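Quick notes on the structure that follows.
The values are calculated or read from the model by the stated rules, or taken from the named source; none is laboratory data. Keep in mind that what you see is a predicted model, and the values were worked out from it rather than measured. As a convention, Cβ positions derive from the backbone with ideal geometry for all residues, glycine included, and neighbour counts pool all protein chains shown. For the accessible areas, the whole protein counts, side chains as well, though only heavy atoms, and no ligand, DNA or RNA atoms are used. Shrake-Rupley method; radii C 1.70, N 1.55, O 1.52, S 1.80 Å.
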Amino acid sequence: MDTFINFFNAAVLAGTPLLFGTLGEILTEKSGNLNLGVEGMMFMGALSGLAAVFLLEVGLGVEMSGIMAVLLAIIFAFLAGAFGAFLYSVLVVSLRTQQNVTGLALTIFGIGFGNFFGEFFGRNSPVGFVTISLSARQGFANLNIPLLSDIPILGPMLFNYNILVYLAVALAVGLAFFLNRTRWGLNLRAVGESPATADAASINVTRYKYLATCIGGGICGLGGMYISMVTTSGVWVHNSVQGFGWIAVALVIFATWSPSRAFIGALVFGGFTVMRFYLPLGIPMQIYDKFPYLATILVLIVTSIRQIKEHSPPAHVGVNYFREER
């Protein structure tokens, strides 16, 4: 039982940055924009969240508490991811460039942005690399919730994580409610399914696309910040995101564009990521890395065979909207 609990905990922690990236991309694609720049936005969020705390502590000599570090990292990581998505929106929504190419360009830009400034700040740091203080790191440590954490089995499985894990779960629940139970969410889904029809119904298509894409990019940035603050323990590591953005894009398909299923998918993909440490099968590590993508292929096959409307992507995703052609 202890091995299973440890495996479950590791899967949740490994799947949380994937959940952030998946939720951000789901929100973006619900507006009809296919943003393949998730990896780049996660890099931008990873560097910005960490650098904001680092620069205040080292540059200005501010003593940072855990709560202050968490709030500052969340704000700057979100803004960085949203800024990357804003650049994408200007090019795609306003200038109507090709969405796939623009997303790939954003990925290249974000990776270069993160790695360049991460190394730049590190070379000018007193210790030779970007890192934050122990007191700031405490804000990203696992919480010990009184009474709940002491419940046998369920306590360690559900109430022994850092604050960003609970934020990701809250975002998944909130996004599912927004898309299915609010007028704005239904309007956004209408924009993704048929922007011409939504436009005829007096829905501001451009505004919805910009807002959904920028907020989705900000959520992706939080996934990158999780990696730099939790996975690498508040130390900038070159290429730290290491493909998580691309896995998040695949996870959107695995979750069939549903925020609630995204949580389950992130847990499954996180489990695949750490499986080699808890379920050794005597096979090369590269084979373990293929499991999430094999699962995605199976989901695509099943979805295609069953032809369930609610499991299909938004009808207008990846297609630019030309109002003049209504």
For the list (1) open to solvent by less than 30 Å² (accessible area, probe 1.4 Å); (2) in contact with a Ser or Thr (Cβ under 9 Å, 6 or more places away or on another chain); (3) closer than 29 Å to residue 225 by Cα; (4) touching a residue at least 12 places away in the same chain (Cβ under 8 Å), I need the number of the one condition that residue 191 fails. (3)
How many residues are open to solvent by less than 10 Å² (accessible area, probe 1.4 Å), polar (S, T, N, Q) and out of contact with any Gly (no Cβ under 7 Å at 6 or more places or on another chain) when one looks only at region 226-239? 0
Restrict the check to region 10-32 and report whether at least one residue is charged (D, E, K, R), modelled with pLDDT under 95 and surrounded by 16 or more Cβ atoms within 10 Å (Cβ to Cβ). no
Among the residues of region 118-137, is any open to solvent by 60 Å² or more (accessible area, probe 1.4 Å) and farther than 23 Å from residue 60 by Cα? no
Can you say whether residue 72 is at pLDDT 95 or above, of a type outside the set (Ser, Thr, Tyr), farther than 26 Å from residue 177 by Cα and surrounded by fewer than 24 Cβ atoms within 10 Å (Cβ to Cβ), as far as the supplied structure shows? yes
For residue 257, which of the numbered conditions (1) of a type in the set (Phe, Trp, Tyr); (2) modelled with pLDDT of 95 or more; (3) on the phi > 0 side of the Ramachandran plot fails to hold? (2)
Taking the condition of being within 22 Å of the chain's Cα centre (by Cα) and among the aliphatic types (A, V, I, L, M), how many residues in region 110-156 meet it? 3
Can you pull out every residue in region 200-225 that is over 21 Å from residue 312 (Cα atoms), open to solvent by 20 Å² or more (accessible area, probe 1.4 Å) and in a helix (DSSP H, G or I)? 200, 206, 207, 210, 211, 214, 215
Output the residues belonging to region 162-188 that are surrounded by 17 or more Cβ atoms within 10 Å (Cβ to Cβ) and outside any helix (DSSP H, G or I). 162
Looking at region 144-161 only, could you name the residues that are surrounded by 14 or more Cβ atoms within 10 Å (Cβ to Cβ) and in contact with a Phe, Trp or Tyr (Cβ under 8 Å, 6 or more places away or on another chain)? 145, 149, 157
Reported set for region 40-69 where residues are open to solvent by 10 Å² or more (accessible area, probe 1.4 Å) and either among the small types (Gly, Ala, Ser) or within 19 Å of the chain's Cα centre (by Cα) (or both) is 48, 52, 59, 61, 65, 66
